[in-house]
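Q: Sharing a structure here in structure tokens format.
The values are calculated or read from the model by the stated rules, or taken from the named source; none is laboratory data. Predicted model only: the values in this text are computed from it and were never measured. Note that we place each Cβ from the backbone using ideal geometry, even for glycine, and neighbour counts take in every protein chain shown. For accessibility, only protein heavy atoms count, side chains too; no ligands or nucleic acids. Shrake-Rupley method; radii C 1.70, N 1.55, O 1.52, S 1.80 Å.
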Amino acid sequence: MIDVTATDETADDARARGNVVRLAAAQALTGANSAVIFATGSIVGATLAPSVSLATVPLSMYVLGMASGTLPTGWISRAYGRRVAFFIGTGCGILTGALGAIAILRGEFWLFCLATFLGGLYGAVAQSYRFAAADGASAAFRPKAVSWVMAGGVFAGVLGPQLVQWTMDVWPPYLFAFSFVVQAAVALVAMVVLAGVDAPKPAAADLHGGRPLLAIARQPRFIAAALCGVVAYPMMNLVMTSAPLAMQMCGLTVSDSNYGIQWHIVAMYGPSFFTGSLISRFGAPRIVALGLVLEAAAAGIGLSGITAPHFWATLIVLGVGWNFAFVGASALVLETHRPAERNKVQAFNDFLVFGMMAIGSFASGQLLARYGWDAVNLVVFPPVLLGLAVLCFASFAKRRAKLREVDEFPEPSI
């Protein structure tokens, strides 16, 4: 029986490794799309919006799209299989590029917001890539599968901002219009790549099996995982979406902004080549805690100056912190559910993360316009402290539960 189980796990991990390659490639292509939106969104918004305080609304619409798309992505994946959800997501990505270009050419702020909302729906589907990589994999391989798929974002960090740099002036005076045309083409390539993912439709037993969602969500481990994700991603997004406009307000160039976003995205995904191994060695809670501390350190750097190197350092440290915290929190989520429960639990976790991120994103433009770059950085500290406190509580509760089990069922003495 042991040999059969080991053989089955090896076969499942071989299948998972094949999926990881395609999902990592799709992560790179999808990340390039989001990089185009984040590098241009607030600048285009400032040009098209009736007020500068609305400049970050397109980015907020992107985040709102991510929040709105998480639960439908889980339902579609559960009912029809992950590959159907992937195709719908990339279709939204193609529409994002087409409508974004038209909006810039026509000067339509509302149409540009619609384009970025569709980009958010695409992003919501892309968030499921990391969980799809872990489907069927052994417990030992799951953190690595999640981490390696996230590593695909490194190439997005190089590709996305470079696409903006190469294409932003192709159709003068319509800055960035052609960048969105290229974005649509990249989404089409991602669709082709995802067509080869081995993601069969769930068995009928999986559609109605498992515990109620409330029972799962009440676990201290899930609460800690979800809350740390809620802190890590929205705080990173708050600083990242504000940075390009803040740099412009401080007299820095678009090239400075593109450079900062490029290295921020590389820092977000670069550590993924080894984050999974760190989680396997030290445990997810420690890596999450390290990530949250680094996000707070990034905010401290942001408060220390407004030169280009200060912004770049803030964005780089912020990216590394996000990687440790978010990949670690994702690994914690995988510990809280059974196979039949995975789609609903993963979608609910992402709904919490991106729902809170949407609320924070809508506030970021007002925060930057009214109170400045320092205020954006100061907001980071209280949520980080809360996340660290809840993480410590969950770890304490787990150790206490293990000690209780030892007391109730002591090992027999010889």
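Q: Output the qualifying pairs, or none if there are none: Cβ atoms under 8 angstrom, residues six or more apart or on different chains, first residue in the range 53-76 and free of Cβ contacts under 8 Å to residues at least 40 places away in the same chain and at negative phi, second residue open to solvent by 10 Å² or more (accessible area, probe 1.4 Å) and β-branched (Val, Ile, Thr).
A: Cβ pairs passing all conditions: Ile76/Val84; Ile76/Ile88.
Q: Okay, moving on. If you take the residues in the range 59-88 that are over 18 Å from Met357 (Cα atoms) and aliphatic (A, V, I, L, M), which one is most open to solvent (accessible area, probe 1.4 Å)?
A: Applying the filter and picking the extreme gives Ile88.
Q: Looking at the range 102-121 only, could you name the residues that are over 14 Å from Thr47 (Cα atoms) and either touching a Lys or Arg at 6+ places or on another chain (Cβ under 7 Å) or in contact (Cβ under 8 Å) with a residue 40 or more places away in the chain (or both)?
A: The answer is Leu114, Ala115, Thr116, Phe117, Leu118, Gly119, Gly120, Leu121.
Q: Shifting gears a bit: Can you tell me which residues in the range 246-274 are crowded, with 21+ Cβ neighbours inside 10 Å, hydrophobic (A, V, I, L, M, F, W, C) and more than 30 Å from Ala145 (Cβ to Cβ)?
A: Selection gives Ala246, Met247.
Q: Scan the range 306-329 residue by residue and report those that are open to solvent by less than 10 Å² (accessible area, probe 1.4 Å), touching a Ser or Thr at 6+ places or on another chain (Cβ under 9 Å) and farther than 19 Å from Tyr259 by Cβ.
A: Asn323, Val327, Gly328
Q: Condition first: open to solvent by 10 Å² or more (accessible area, probe 1.4 Å) and closer than 30 Å to Leu175 by Cβ. Now tell me which residues in the range 275-304 satisfy that.
A: Ile301
Q: OK, next. Might you check whether a residue that is farther than 19 Å from Leu118 by Cα and either modelled with pLDDT under 90 or assigned to a helix (DSSP H, G or I) (or both) occurs anywhere in the range 31-49?
A: Yes, the conditions are met somewhere in the range 31-49.
Q: Every residue in the range 220-232 that is surrounded by fewer than 24 Cβ atoms within 10 Å (Cβ to Cβ) and under 14 Å from the mean Cα position of the chain (by Cα), please.
A: Val230
Q: What's the total number of residues in the range 334-374 that are of a type outside the set (Gly, Ala, Ser), assigned to a helix (DSSP H, G or I) and under 12 Å from Ala226 (Cα atoms)?
A: Of the residues in the range 334-374, 11 are of a type outside the set (Gly, Ala, Ser), assigned to a helix (DSSP H, G or I) and under 12 Å from Ala226 (Cα atoms).
Q: Could you list, in sequence order, the residues of the range 115-134 that are open to solvent by 20 Å² or more (accessible area, probe 1.4 Å) and over 15 Å from Gln27 (Cα atoms)?
A: Phe117, Leu118
Q: Those residues that are within 20 Å of Gly41 (Cβ to Cβ), of a type in the set (Gly, Ala, Ser) and in contact with a helix residue (DSSP H, G or I) (Cβ under 6 Å, 6 or more places away or on another chain), I need them from the range 334-364; list them, please.
A: Gly355, Ala358, Gly360, Ser361, Ser364
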